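Enquirer: What follows is a single structure, and I will ask about it in a moment.
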There are 2 protein chains.
Amino acid sequence: MPLSRPSPEPDEPALPASAEKGGAQPLAVAAPAGGEEDSAGGSADALDYPHQRIVFPQGLALDCGVTLAPLTVAYRTYGALNATRSNAVLICHALTGDQYVAETHPITGKPGWWDIMVGPGRPIDTERYFVICANVLGGCMGSSGPKEINPATGAPWGLTFPAVTIRDMVRAQKLLVEHLGIERLFCVIGGSMGGMQVLEWAATYPEHVVAAIPVATGAYHSAQNIAFHEVGRQAIHADPDWMSGEYWRQGVVPARGLAVARMAAHITYLSEEALTRKFGRRLRSGEALTYLDDIFEVESYLRYQGSTFVRRFDANSYLYITRAMDYFDLAAEHGGSLAAAFRRTSARFCVVSFSSDWLFPTATNREVVQALNACAANVSFVEIASDKGHDAFLLDEPDFHATIRGFLAACEAALSRPPRPPRARAG
Amino acid sequence: MPLSRPSPEPDEPALPASAEKGGAQPLAVAAPAGGEEDSAGGSADALDYPHQRIVFPQGLALDCGVTLAPLTVAYRTYGALNATRSNAVLICHALTGDQYVAETHPITGKPGWWDIMVGPGRPIDTERYFVICANVLGGCMGSSGPKEINPATGAPWGLTFPAVTIRDMVRAQKLLVEHLGIERLFCVIGGSMGGMQVLEWAATYPEHVVAAIPVATGAYHSAQNIAFHEVGRQAIHADPDWMSGEYWRQGVVPARGLAVARMAAHITYLSEEALTRKFGRRLRSGEALTYLDDIFEVESYLRYQGSTFVRRFDANSYLYITRAMDYFDLAAEHGGSLAAAFRRTSARFCVVSFSSDWLFPTATNREVVQALNACAANVSFVEIASDKGHDAFLLDEPDFHATIRGFLAACEAALSRPPRPPRARAG
């Protein structure tokens, strides 16, 4: 039987030759500090890439009580803002995403993470919309975060960076949006942690969002999701090269710990069906089991996911951002009532879940819909049938793309109609 | 609100005071090499405990082609063998279990792992049955495994220990059972990896098993399960104290890596519902979120699981045994047909699954039932409604216990009836 290769997902290249050497050996990770370039991209210099940014000298008051000043927000835009400034779409990225949505990534050399969704003629059509995406606060692609220099010390923040929340991320985005001269966003859209930000936008800036599309997300992080994040954090902590968060002092990175964290998380992004379809129990060797140096294809795939991730992501950022997700509990921010969070919103919502997503299952997305219904918000809900798991929102899912296209068109049409008087709301 | 404690499962004590110091700090693990004793039990000397064992000088020919000689099998028995030697029940333990089924564990000081199931008057009644349990081949409680001394070198085997399979484990058990003077086992029972051994017994020694009870298991390890194991193995490999498997040379253990492996695996043993019920999003502090040193109860629980595990388990054993589970594919051992594996068995089967088990879901257990049906074997199948996940087989599940009690009684009654002529079998 010929060796059956895993089919690469759109966001992942086929295994490069260099990834095939491992056999049953432990994960060998090229530390970015080594400065090497390879076909998967990434180098030490990558962390110094001159991202497009805006600095807010007055800073931002964070939920933890600290004012972070100055605040830097790295971002990208696509398309043009129209004369009435009514066509802006804010895309919120997920845990390990960034602002390079629809262009070649400057560090990895790969297509943007939502290239399939965003561009001329795509569902989020850059010929119609002015698309904005910012690296989240706490991230590692140019926005203020533990990797950046603390101006007070001249050294990276590391673990002295203040704790951030999803709401803090959204507040930083709001400053950027205002800076771009936009009073009201036509749409805020995002999946996973990006979806948490969408919900937070609708709750915190209810008058500033016309359409909200939270995808594959929830209004809080579950105990199981917190548990998976904690495994990843402990894997990073366990790596001696983490050095209590000050790895930059020694020019090292906790590559092994971060890779293990990524591997554990990556399993949760896929469905059992997707793993079985892609890999099953196939061996890398394609031969019969020898019980010695055999390696299953799924292992090889995970090792590859882990080793490439460490070339583009900062371990301390991973700690901060996973914490922000774990903290997220929109109802708790509003006296324990999720409906209360949405009481003042005038946005139209389109909530999207995927049938095989077990990280943010349909039931979790539906809780958001129920809260929106409870305050008579304008909401539609679609569960997309897919066997691709949580990652489906990043992949080629025609029904999902048609849903986004249709919803945006409907919201645009509604905007162009004369405004209706505000509806009476219960509560 | 008073601090709400997680309710300890029967197999786990409440968090000891020493486990409460961590706060948001990284996992601090007392390495067994330090020789310290604590309330959770375990010390360096624990690894030298004089387990009850039998040595087979002729050794065992393994699936990998190596003959392991001598072979040592550590085991425990409970109850008495009857005059006709027809009341022996072999219990097969799971990945991290051992032979101390129904007595205080000599190293941890905790009750036996299946104390709730095995004992006088319990479903597996030691006043009726002669109960045997052996530490698996490759384990770390006295049976031949990487922790034991290689007589050829006088040093621990470490990674020079040969690869083992589930079938090898069962072959070693067969030698023990013969040594105990038992030709035919009244019952073989086990959950998870123990259930794999039950299936292997029925397939490999079809004339030597009267009743077989595979619980919460499957006839192969799925891609997702392999993936979770691989994360654990990489966490161990990533720990510098693993030292390519020769940690014993330096008197250290890869405690941090093994703890992370255990944490990742432990999530898969519980259900989302169980995690939510036990912990939800409750904080250890019981106070409102400060976004600084907060720690969720579920994190504290996982850290505790990880840190206590390393005091009683060998990291290399973990690598070998997880590999054996990953390799397991009973159909592949029989020309690709699972039904073929069971064609010669005369055993009565009772297959048991738990509704919230996502490691070995009901569908996976049902595949075994379908194969047994396909060869007209005598099989009953019960899905126990439980929200406790995979671990339910270890916990207080009255319906499960009643099922085992009833099935054993029925098999006993059938044994005492005059034998029927063998049924014609298809295939």
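Enquirer: Please go through (1) of a type in the set (K, R); (2) under 21 Å from A:S346 (Cα atoms); (3) touching a Leu at 6+ places or on another chain (Cβ under 9 Å) for A:R128 and return the number of the only condition it doesn't satisfy.
Expert: (2)
Yes or no, residue by residue, for (1) in contact with a strand residue (DSSP E or B) (Cβ under 9 Å, 6 or more places away or on another chain); (2) not in a loop (DSSP other than H, G, I, E, B):
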residue	(1), (2)
A:L95	no, no
A:D98	yes, no
A:A102	yes, no
A:D115	no, no
A:I132	yes, yes
A:P146	yes, no
A:K174	no, yes
A:F186	yes, yes
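Enquirer: Out of (1) at pLDDT 95 or above; (2) touching a helix residue (DSSP H, G or I) at 6+ places or on another chain (Cβ under 6 Å); (3) not in a helix (DSSP H, G or I), the odd one out for A:A339 is which?
Expert: Single failed check for A:A339: (3).
Enquirer: Please determine, by comparing only the residues of the range A:39-54 that are of a type outside the set (G, A, S) and at pLDDT below 90, which one is surrounded by the fewest Cβ atoms within 10 Å (Cβ to Cβ).
Expert: Taking the range A:39-54 first, the residues of a type outside the set (G, A, S) are A:45, A:47-54.
Then keep just the ones that are at pLDDT below 90; that gives A:45, A:47-49.
Values: A:D45: 11, A:L47: 21, A:D48: 8, A:Y49: 12.
Selected residue: A:D48.
Enquirer: Just the residues that are farther than 15 Å from B:D357 by Cα, in contact with a helix residue (DSSP H, G or I) (Cβ under 6 Å, 6 or more places away or on another chain) and not β-branched (V, I, T), please, taken from the range B:216-227. Give the steps one after another, and end with the answer.
Expert: Going residue by residue through the range B:216-227, those that are farther than 15 Å from B:D357 by Cα are B:219-220, B:223, B:226-227.
Pick out the ones that are also in contact with a helix residue (DSSP H, G or I) (Cβ under 6 Å, 6 or more places away or on another chain) and you get B:219, B:223, B:226-227.
B:A219, B:A223, B:A227, listed by residue number.
Enquirer: Go through the range B:328-355 and give me each residue that's within 13 Å of chain A (Cβ to nearest Cβ) and within 16 Å of the chain's Cα centre (by Cα). Before you say what the answer is, go through the steps one by one.
Expert: Going residue by residue through the range B:328-355, those that are within 13 Å of chain A (Cβ to nearest Cβ) are B:328-333, B:335-336.
Correct list: B:F328 only.
Enquirer: Can you pull out every residue in the range B:147-169 that is within 22 Å of the chain's Cα centre (by Cα) and over 15 Å from B:T67 (Cα atoms)?
Expert: B:K147, B:E148, B:G158, B:L159, B:I166
Enquirer: Still on this structure, please answer the following. Going by the structure shown, is B:T153 farther than 25 Å from B:Y129 by Cβ, out of contact with any Cys (no Cβ under 8 Å at 6 or more places or on another chain) and more than 14 Å from every other protein chain (Cβ to nearest Cβ)? Before the answer, list the steps.
Expert: Values: farther than 25 Å from B:Y129 by Cβ: yes; out of contact with any Cys (no Cβ under 8 Å at 6 or more places or on another chain): yes; more than 14 Å from every other protein chain (Cβ to nearest Cβ): yes.
In short, yes.
Enquirer: Where the second residue is of a type in the set (D, E) and the first is farther than 10 Å from A:A315 by Cα and lies in the range A:224-242, which pairs have Cβ atoms under 6 Å and are six or more apart or on separate chains?
Expert: A:Q224/B:E272; A:I226/A:D326; A:H229/A:D326; A:E230/B:E299
Enquirer: Scan the range B:55-71 residue by residue and report those that are part of a strand (DSSP E or B) and surrounded by fewer than 20 Cβ atoms within 10 Å (Cβ to Cβ).
Expert: Correct list: B:V55, B:F56, B:A61, B:T67.
Enquirer: Going by the structure shown, is A:S353 of a type outside the set (A, V, I, L, M, F, W, C) and either in a loop (DSSP other than H, G, I, E, B) or more than 30 Å from A:R277 (Cα to Cα) (or both)? Let's see the steps before the verdict.
Expert: On the way: of a type outside the set (A, V, I, L, M, F, W, C): yes; either in a loop (DSSP other than H, G, I, E, B) or more than 30 Å from A:R277 (Cα to Cα) (or both): no.
Answer is no for this residue.
Enquirer: Restricting attention to the range B:302-319, does a residue exist that is surrounded by 19 or more Cβ atoms within 10 Å (Cβ to Cβ), in contact with a strand residue (DSSP E or B) (Cβ under 9 Å, 6 or more places away or on another chain) and assigned to a loop (DSSP other than H, G, I, E, B)?
Expert: Taking every residue of the range B:302-319 in turn, none turns out to be surrounded by 19 or more Cβ atoms within 10 Å (Cβ to Cβ), in contact with a strand residue (DSSP E or B) (Cβ under 9 Å, 6 or more places away or on another chain) and assigned to a loop (DSSP other than H, G, I, E, B).
Okay, residues lined up against (1) assigned by TED's automatic domain parsing to the domain that holds B:R262; (2) touching a residue at least 24 places away in the same chain (Cβ under 8 Å); (3) over 21 Å from B:V170 (Cβ atoms):
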| site | (1), (2), (3) |
| --- | --- |
| B:A339 | no, yes, no |
| B:F342 | no, yes, no |
| B:S355 | no, yes, yes |
| B:A363 | no, no, yes |
| B:N373 | no, no, yes |
| B:D399 | no, no, yes |
| B:T403 | no, yes, yes |
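Enquirer: Would you mind stating whether B:L415 is crowded, with 19+ Cβ neighbours inside 10 Å and either under 30 Å from A:G232 (Cα atoms) or touching a residue at least 12 places away in the same chain (Cβ under 8 Å) (or both)?
Expert: Numbers: crowded, with 19+ Cβ neighbours inside 10 Å: no; either under 30 Å from A:G232 (Cα atoms) or touching a residue at least 12 places away in the same chain (Cβ under 8 Å) (or both): yes.
Spelling it out, it is not the case that B:L415 is crowded, with 19+ Cβ neighbours inside 10 Å and either under 30 Å from A:G232 (Cα atoms) or touching a residue at least 12 places away in the same chain (Cβ under 8 Å) (or both).
Enquirer: Looking at A:N135, A:N150, which one is closer than 23 Å to A:E183 by Cα and either in contact with a Phe, Trp or Tyr (Cβ under 9 Å, 6 or more places away or on another chain) or at pLDDT 95 or above (or both)? Spell out the reasoning first.
Expert: Values: A:N150 fails: closer than 23 Å to A:E183 by Cα.
Of the residues listed, the single one that is closer than 23 Å to A:E183 by Cα and either in contact with a Phe, Trp or Tyr (Cβ under 9 Å, 6 or more places away or on another chain) or at pLDDT 95 or above (or both) is A:N135.
Enquirer: Restricting to the range A:103-136, give me the number of residues that are touching a Pro at 6+ places or on another chain (Cβ under 8 Å) and among the aliphatic types (A, V, I, L, M).
Expert: Adding up the residues that qualify gives 2.
Enquirer: Within the range A:78-104, which residues are surrounded by 19 or more Cβ atoms within 10 Å (Cβ to Cβ) and touching a residue at least 60 places away in the same chain (Cβ under 8 Å)? Show your work before the answer.
Expert: Restricting attention to the range A:78-104, the residues satisfying the condition of being surrounded by 19 or more Cβ atoms within 10 Å (Cβ to Cβ) are A:78-79, A:87-102.
Result: A:N87, A:A88, A:V89, A:L90, A:I91, A:C92, A:H93, A:A94, A:L95, A:T96, A:G97.
Enquirer: How many of the residues making up the range B:136-150 are out of contact with any His (no Cβ under 7 Å at 6 or more places or on another chain) and buried (at least 24 other Cβ atoms within 10 Å of the Cβ)?
Expert: Filtering the range B:136-150 down to residues out of contact with any His (no Cβ under 7 Å at 6 or more places or on another chain) leaves B:137-140, B:143-150.
Filter once more, keeping what is buried (at least 24 other Cβ atoms within 10 Å of the Cβ): B:137-140, B:143-146.
Result for the range B:136-150: 8.
Enquirer: Does the range B:74-88 hold any residues that are within 16 Å of the chain's Cα centre (by Cα) and either of a type in the set (A, V, I, L, M) or assigned to a loop (DSSP other than H, G, I, E, B) (or both), and which are they? Outline the logic, then answer.
Expert: Applying the first criterion (within 16 Å of the chain's Cα centre (by Cα)) to the range B:74-88 yields B:74-76.
Hit for the range B:74-88 is B:A74, nothing else.
Enquirer: May I pose another question? Go through B:L283, B:L319, B:L372 for me and flag whichever is farther than 30 Å from B:M243 by Cα and within 12 Å of chain A (Cβ to nearest Cβ). Let's see the steps before the verdict.
Expert: Values: B:L319 fails: farther than 30 Å from B:M243 by Cα; B:L372 fails: within 12 Å of chain A (Cβ to nearest Cβ).
The conditions single out B:L283.
Enquirer: Quick one: would you say B:E230 is of a type outside the set (A, V, I, L, M), more than 9 Å from chain A (Cβ to nearest Cβ), more than 17 Å from the chain's Cα centre (by Cα) and on the phi < 0 side of the Ramachandran plot?
Expert: On the way: of a type outside the set (A, V, I, L, M): yes; more than 9 Å from chain A (Cβ to nearest Cβ): no; more than 17 Å from the chain's Cα centre (by Cα): yes; on the phi < 0 side of the Ramachandran plot: yes.
Criteria not met by B:E230.
Enquirer: Does the range B:363-383 include one or more residues that are surrounded by 15 or more Cβ atoms within 10 Å (Cβ to Cβ), charged (D, E, K, R) and within 26 Å of B:D115 (Cβ to Cβ)?
Expert: yes
Enquirer: Since A:E299 meets every condition but one in (1) crowded, with 20+ Cβ neighbours inside 10 Å; (2) more than 13 Å from chain B (Cβ to nearest Cβ), which condition does it not meet?
Expert: (2)
Enquirer: If a residue must be at the interface with chain B (Cβ under 8 Å from one of its Cβ atoms) and over 24 Å from B:E273 (Cβ atoms), how many such residues does the range A:245-265 contain? Give the derivation first.
Expert: First pass over the range A:245-265, keeping only residues at the interface with chain B (Cβ under 8 Å from one of its Cβ atoms): A:256-257, A:259-260, A:263-264.
Going one step further and asking which of them are over 24 Å from B:E273 (Cβ atoms), we end up with A:256-257, A:259-260, A:263.
Looking only at that region, the number is 5.
Enquirer: Then there is this: Is it the case that some residue within the range A:188-198 is in a loop (DSSP other than H, G, I, E, B), modelled with pLDDT of 95 or more, surrounded by fewer than 24 Cβ atoms within 10 Å (Cβ to Cβ) and away from chain B (no Cβ under 14 Å)? Give the steps one after another, and end with the answer.
Expert: Step one: list which residues in the range A:188-198 are in a loop (DSSP other than H, G, I, E, B), which gives A:192.
With the extra rule that they be modelled with pLDDT of 95 or more, the set shrinks to A:192.
Subsequent filtering for residues that are surrounded by fewer than 24 Cβ atoms within 10 Å (Cβ to Cβ) retains none.
Looking through the range A:188-198, none of the residues is in a loop (DSSP other than H, G, I, E, B), modelled with pLDDT of 95 or more, surrounded by fewer than 24 Cβ atoms within 10 Å (Cβ to Cβ) and away from chain B (no Cβ under 14 Å).
The values are calculated or read from the model by the stated rules, or taken from the named source; none is laboratory data. On a predicted model such as this, the values are computed, not experimentally measured, just so you know. As a convention, Cβ positions derive from the backbone with ideal geometry for all residues, glycine included, and neighbour counts pool all protein chains shown.
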